[in-house]
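Here the structure comes first, spelled out in structure tokens, and everything after it is commentary.
Every read-out reported here was derived from the displayed coordinates using simple, explicitly stated rules and does not represent laboratory data. Remember, predicted model here, so these are calculated numbers, not experimental data. Cβ placement follows ideal geometry from the backbone for every residue including glycine, while neighbour counts extend to all protein chains displayed.
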Amino acid sequence: MNKLIKRSTLLSVIIVMLFSLGVVQPAQAAVPTLDKIRVALFLNLPGKFTSITKSVTLSSQQAMNLTVKAANKSVQWLSFPEKDQLRLALNDYKVKLTETTQFSNAQQVYEAVKAAGGSPFLISLSKNDKVTYQVIEGGYATNSDATAALNKWKANASITKLAGSSMIVSGPFSLVNGGHASKSDALKAAASFGSQGLDTAIGMSLNSSGKLEYAVLVGLAGTQAELDIVKTAASKVTTKLETANGSEDMLVMRVDHSATGTAGSSDELYMYNPKLAVAVSAAGSGTIKVTERSERSYRGTIEAGALNNQMYVVNEVPFEQYLYSVVAIEMYPSWPIEALKAQAVAARTYALYGGNNFTVAHVVDTTTSQAYYGVNSEHENSTAAVDATKGEVLMYNGKLVETLFSSSSGGRTADSKEIWGNEVPYLKSVTSPDSISENGLHSWYRVVLPNGKVGYIREDLVKDSGMKNAAGKPILLSTTADTNIRRNPLIENNVAPVEQIKSGVQLVALEKVIQSNANTWRRGPYTSAEMLKAINAKLSISGPITSMEVSETGPSGRAVAVSVNGKKLAVSSPFELRALLGVNGSLQSTYFTIEQTGKVVVLGASNQQRVKQDGAGNLQVLGANGQTATASGEYMFVLDGAGNVRAATKEAGFQFDGKGNGHGVGMSQYGAYSFANQGYDYKYILQYYYAGTTIAKE
């Protein structure tokens, strides 16, 4: 985009003033607001978002309060001192894998089960007048689910070797010995039941006066029938026993060594039934660390409940403070303030647009909604951008805009129709100054190794030898030892290098390209087998793949349809092509072309053309000496009349050359960065990418 041109006539000045006054105006409808937003950290919502944990570990530098939510009523039950730690889990069905008086034995089982993909807890209790350690695993919504897990663990030879075969299902059925005034009193009573060889836990609930009362839970059985067997032994201690089945408004406390990993220290594990929710908050302006979420710390409260038979964990936080983290992650805080302001308004609008989109939460903490990492990611620059635009949202015809954005549009944003198939008037394709992402990046040479292999090496790892090969291509020398020749022009730790070479190796340079980045990228070539495996992970097509091409493009030039072996891939929306065609991860965008690297057009006698797609037929080459030979090796190097050398693969191969990073719809973040560098403000940026919209504020 060219910068705005100053107008000289009075009429033009008036027009510009009117346009400026129209940038921020009241919407026809009330501007939506939100006091607090609920962000799901863990949630089981099939088809929308699935991130599962069986427990959550919370800690704070400040004192913490635990509130129980039941029947639309919230009451604080417990308080914890500063720097304390507690754990939460569902009071459901679990598998008791082992029981021992030796902590080291229990810990071995715990670690083995964890390594095998289980969700174990290492707990202790007083049993048979000794400290006894148990490893329990789960939980499970039903006894039958837990029984299936039990059979799975019994069939695991390495686990049974460590744990033994005396595994059972434990559950929420308990005998209740209540009326204890304190936790210490309940623990003493629990030891009496434990002396009879019975499993115990501490139950907490509110009595009729609203005061917290403690009880001993005895048995922790998987069924009522199993609990009846326990009753005889429990009656030897007292006959003052009632029955609980796990549906009560009760917290169950167990002594847990899972997080501490030592016998000498433990946490209190509070288990709640699925109809309850438990909320933990820190005193004052303190934050709460969630160990299972990369040890991130969060403002507001952490709530745990149950949805679809799994534990959910939600952070309820003041809305504007939520944006402090989002803007700092979604856009580099070092970027100009006007770009950050544009991101702040877009992020605020996007969060409001979705409403209560995740049943128990408005948003989730990943890019399924917007990335949100709590207070650790906050930065003063992005916080200032949020504060400067407080309450501002983007609207179209009196309604919130779906402010979609992506990292880079590759020079042109996508029309919503070519990504998801539906037209949105404010999400049209526009040019975008995204090449700013290439500033300061190295170029890479595509090179041929002495053994005939082809790959990429960064420009600062070679020097020009001053020589050229017979085709006139430069010969480079590697300058460092143990240098990786990469498959793509960037460092990818999850992709095996083509080769590792020593210093002084001669390399023939075929071409020089910019390092793959948010604006320009390259992947491949990939073999027919690699592409077939990637596609068949989501679809079912027959191989081998001999041809692949973009058969239809949208307004911005993005791929709308891709045909394989002449047949269009069946996708519900073009956006799916990114994941469908990605080898070692999704493609960056759908803005790509496909080079069929195995396709060679040979001009024969009488100007007849022969197209070679793969290695099915041999290609005879006539040399300068008049002798013919069969082309061999992984690559054939084809020289055109302009002196360009193409590395054609002997077998069918497919190289993707693309632009942009993300879906490309709406605001390009690198484009916003570029516009801000040119002096444009956030209002112009937003209205450029979301045509016909207005910025409104309550």
Margin query: Contact order normalised by length for the chain, with contacts defined as Cα pairs under 8 Å and 6 or more residues apart; what percent is it?
Written below: 14 percent
Next item on the list: Distance between Cα centroids, segment 237-266 to segment 63-88: provide it in whole Å.
Entry: 16 Å
Notebook entry, point to check: Within a Cβ distance under 14 Å of S551, other residues only, what is the Lys/Arg minus Asp/Glu net charge?
Noted result: 0
Note to self: Just want the ordering: K473, K154, K96, from fewest to most Cβ atoms lying within 10 Å of their own Cβ.
What the structure shows: K154, K473, K96
Check: Label S104 and Q506 with points 7 Å out from Cα along Cα→Cβ: what is the distance between them in nm?
Finding: 6.3 nm
Check: segment 661-691 to segment 114-133: how many Å between their Cα centroids?
Finding: 55 Å
Item checked: Convex hull volume per residue in cubic angstrom - Cα atoms of segment 490-529 -> 140 Å³
Next item on the list: Please list the equivalent ellipsoid semi-axes of segment 85-270, computed as the square roots of five times the alpha-carbon gyration tensor eigenvalues, in descending order and whole angstrom.
Entry: 26, 18, 16
Notebook entry, point to check: Given labels modelled 7 Å from the Cα in the Cβ direction, how far is it in nm from K154 to T553?
Noted result: 6.3 nm
Margin query: For a Förster distance of 30 Å, can you work out the FRET efficiency between the beta-carbons of L477 and E530, rounded to the nearest 0.05?
Written below: 0.45
Next item on the list: Counting only C-alpha contacts under 8 Å and six or more residues apart, can you give the relative contact order of segment 385-441 as a whole percent?
Entry: 27 percent
Notebook entry, point to check: Roughly speaking, what is the stretch gain from T366 to N584, that is 0.36 nm per residue apart minus the C-alpha to C-alpha distance, in nm to one decimal?
Noted result: 76.4 nm
Item checked: Additional length obtainable on full extension of the chain from I436 to K697, 0.36 nm per residue less Cα span -> 90.8 nm
Check: Would you list W153, W77 from fewest to most Cβ contacts within 10 Å?
Finding: W77, W153
Check: If one computes the Cα centroid of segment 437-463 and of segment 135-157, what distance in Å separates the two points?
Finding: 53 Å
Next item on the list: Using packing as a proxy for protection, rank 256-266, 122-132, 217-227 so that the peptide with the highest average count of other Cβ atoms within 10 Å comes first.
Entry: 217-227, 122-132, 256-266
Next item on the list: Pull out the extension gain between D185 and W77, defined as 0.36 nm times the separation in residues minus the alpha carbon to alpha carbon distance; nm, one decimal.
Entry: 37.1 nm
Checklist line | Label assignment, percent of Cα pairs over 32 Å apart derived from the structure, set [x] 52; [y] 71; [z] 64 | finding: [z]
Checklist line | Contact order normalised by residue count of segment 442-514, Cα under 8 Å, 6+ apart, percent | finding: 39 percent
Margin query: Tell me which of A157, N644, A116 sits at the most positive position along the dipole axis of the chain, charges placed on C-beta atoms (Lys, Arg +1; Asp, Glu -1).
Written below: N644
Next item on the list: For a footprinting-style exposure proxy, rank I52, I475, I535 by other Cβ within 10 Å, fewest first.
Entry: I52, I475, I535
Note to self: Please report, in whole Å³, the volume per residue of the convex hull around the C-alpha atoms of segment 442-514.
What the structure shows: 79 Å³
Checklist line | Unsatisfied cross-links (Cα-Cα over 19 Å) in the set K473/K599; K96/K152; K341/K399; K463/K512; K468/K599; K54/K275 | finding: K473/K599; K341/K399; K468/K599
Next item on the list: First select every other residue whose beta carbon is under 9 angstrom from the beta carbon of L175; then total the charges, Lys and Arg +1, Asp and Glu -1.
Entry: 0
